[in-house]
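Input: a single structure, listed below in structure tokens.
Read-outs throughout are calculated quantities, based only on the coordinates presented, and are distinct from any laboratory measurement. Model, not experiment: these values are computed from the prediction. Glycine also receives a Cβ, built like all others from the backbone with ideal geometry; neighbour counts cover every protein chain displayed.
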Amino acid sequence: MIYDWKMELYWCLPVRMQETLLSIYARHLENVYYGPVYKKWKSLLNDWKSWPPSFVDEWRSERLRCVIKKAAGSVPYYRKSFMDVRWTDVRSIKDLHLLPVLEKQSLRRNEREFLAEGTNIKSLRVEPTSGTTGTSLKIYLPGQMVQQFWAIAEVMVRNVAGVSQEMPRAMMGGRPIKRGDNANPPYWRFNRHWKQLYFSSYHISKRTAAEYVNALRTYGCEWMTGFGSAIAALADDALEAGIPPYRLKAVIVSGDTLTHGMRESIEKFFMCKCFNNYGQTEKVALAMECVHGNMHVVPLVGIVEILREDGTACERGEVGEIVATGLLNEAMPLVRYRIGDHAAWAEEQSCRCGNPNPIITGLEGRVDDYVITVDGRKIGRLAAFRRSPTIHSAQVLQDSPGHAYLLVRPGKDYRPVHAAAVRGDILERVGKFALEIVEVPEIPKTPQGKTVTVVRLADRPEMKKTYEKIIRKHL
Ligand SMILES: [Zn+2]
């Protein structure tokens, strides 16, 4: 949204003015998200549950052929990578294996090579990925696709949970609506235009929980969405502070791994079902949990494959890597894109909810840790790395409450001032905190081979030696 000097300016304004600005901004976005294409798609999707599977399959194959033709014909990257591939043989989903898998690294090296020639870049919406793996990307989306996607999300995500865009809601997101070092309430801003209470994820504690809950009541919020880790932190703190439960219609979480404990806390405090929603900024794969607790893939957004390391398809119940082909984005086609998440096809593929779409399970690889401040606040989603295109990857390593290292792996054209900017961004959210920058040749992976954004040493004794060595060597 609004960054840098605009953000500085925003923070100087009184809360009332900030909220007016948010409403104006929402009005501007109204047409971006909810314009005519959105309305058309929403009405088309209304009876999706009764569509015959052959209808969906045909639509997907048709879209797949369009995307591949566009990629091969006018996208510089694919023109090279499809050179020795008979891409015209790909007529339907079962032929997808003929095409090479796209690594995130290849996309990150040059996003612009993925843009279809002849596309007016100014007409595209640019969304930076939050960099849950400590690295970031810019994703370009055509205006029409944004509306198609949000119509699909409204019908196949929100409505599945029994809620809708029109109902007053609370959002626990990553936007720095308030400075981390500003400890005074309110810890939210209300966007009147969308009846959306935007909570700060960075001020939740046992001390502040009651005010968060009161705000839900004051603004009549009926459901909540956002980062599971932050919503669970609020539920935990509220329960521990002895605040009576507050009933919502649904909580829809996304963006990080929902653990069993987090779900339990959320459902206990908000007295409703917690629905897990899987998606990513690239918008190539979407899945939503149904009332019976099964994660159904949303087939219109993309084609999901789950692959073994050798590239062959996993059997049901076998965990592999998610590789997805987006069906909506022709301006920046992503074909067989390795998202960096793990999952398995469920052994049991039928569900009482009546949704005929395939079920995935065991979504792993998105555990998004948090840091702990001296006053015991848990701060997650430290997505500041996205701001720096010269930083290859980064990680926050916390060794004690209130103290951490920012491990930075420099990329092309990197200068130390870039890491300092990221550090500043994180501190804006966290407040009083010692964060030391350490440049490293590589960000360590977990024993499972994953790169995580935040590592708290207290919770990862098995990695203590690795990190101690790095810190001794590089300080
Ligand atoms: Zn179901």
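Sparsely packed loop sites in region 70-172 (the trypsin sites (Lys or Arg not before Pro) outside DSSP H, G, I, E and B with at most 10 other Cβ atoms within 10 Å) comprise 86. The aspartates and glutamates within cross-link reach of residue 268, meaning a Cα-to-Cα straight distance under 15 Å and a gap of 8 or more places when in the same chain, are 236, 237, 240.
Counting only DSSP H runs of at least 4 residues, each contributing -39500 (n - 2.57), and dividing by the residue count of the chain, the helix-based mean residue ellipticity at 222 nm comes to -9500 deg cm²/dmol.
Note that region 103-112 has calculated 3J(HN,Hα) couplings of 7, 4, 4, 5, 5, 5, 4, 7, 4, 4 Hz, one per residue in order, obtained from phi through the Karplus relation 6.51 cos²θ - 1.76 cosθ + 1.60 (θ = phi - 60°); glycine and proline are x. In this structure the amide hydrogen of residue 334, modeled in the peptide plane, comes within under 5 Å of the amide hydrogens of 326, none closer than 5 places in sequence on its chain. In a DSSP loop and with at most 12 other Cβ atoms within 10 Å, the GluC sites (Glu not before Pro) in region 215-317 are 309, 315. For the chain, the relative contact order is 14 percent, taking Cα pairs closer than 8 Å that sit 6 or more residues apart in sequence and dividing their mean separation by the residue count. Net charge dipole, the chain: roughly 1040 debye, given to the nearest 20, about the Cα centre with Cβ charges of +1 for Lys and Arg and -1 for Asp and Glu.
List 156, 224 from most exposed to least, where exposure is judged by having the fewest other Cβ atoms within 10 Å.
Details: 156 22, 224 26.
Fewest-to-most Cβ neighbours within 10 Å comes out as 156, 224.
Sparse packing (at most 15 other Cβ atoms within 10 Å of the Cβ) combined with a DSSP loop state is found for the following trypsin sites (Lys or Arg not before Pro) in region 205-237: 207. The antiparallel fraction among DSSP beta bridges confined to the chain stands at about 60%. Pairs over the 20 Å Cα-Cα cut-off, from the set 42/283; 40/273; 39/138; 195/283; 206/273: 40/273; 39/138; 195/283; 206/273.
Beta bridges assigned by DSSP with both partners in region 163-273 are antiparallel in approximately 20 percent of cases. Taking amide hydrogens as placed 1.01 Å from N in the peptide plane, the amide H of residue 125 sits under 5 Å from those of 141, 143, each at least 5 positions away in sequence or on another chain. Placing unit charges on the Cβ atoms of the charged side chains and taking the dipole of the chain about its Cα centre, the candidate lying farthest along the positive direction among 379, 466, 265 is 379.
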